[in-house]
Each structure stands twice: as structure tokens, then as C-alpha cells.
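The values are calculated or read from the model by the stated rules, or taken from the named source; none is laboratory data. Computed from a prediction, not measured in an experiment: that's the story for all the values here. Using ideal geometry, Cβ is built from the backbone for each residue, glycine included, and neighbour counts are taken over all protein chains shown.
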Amino acid sequence: MGMRRIELPGNCKKLIKTETEAATRNMQNLLRVDAALPQTKPVQDA
């Protein structure tokens, strides 16, 4: 079986890009909120 590259339609690529950017923004917001909170307990490494 040969590997065939799956070509996504343009709007699908756009959606994935938007989702990724939204997730990144979400993550940054969470980190910002986390940093703003008083540090009451040591940070656990996940």
C-alpha cells in the first residue's frame, strides 16, 4: 500500500488553523490567569 497524501479542502485547512489558534490563545489566557493567581501551593509538573 502506497502512502497517499490526503489533500484537505481549503476551508477545512482554515478551520483547523482557526481551531489551533483558538486553542493557543486559550492556553495563553489560562497561563496568564494562573500567573495572576496568588501562588499558594508549589506548581506540580504534569
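Note on the range 22-42: residues that are surrounded by 10 or more Cβ atoms within 10 Å (Cβ to Cβ) and either among the polar types (S, T, N, Q) or at pLDDT 90 or above (or both) amount to 8.
Among the numbered conditions (1) of a type outside the set (A, V, I, L, M, F, W, C); (2) modelled with pLDDT under 80; (3) not in a loop (DSSP other than H, G, I, E, B), the only one that Asp45 does not meet is (3).
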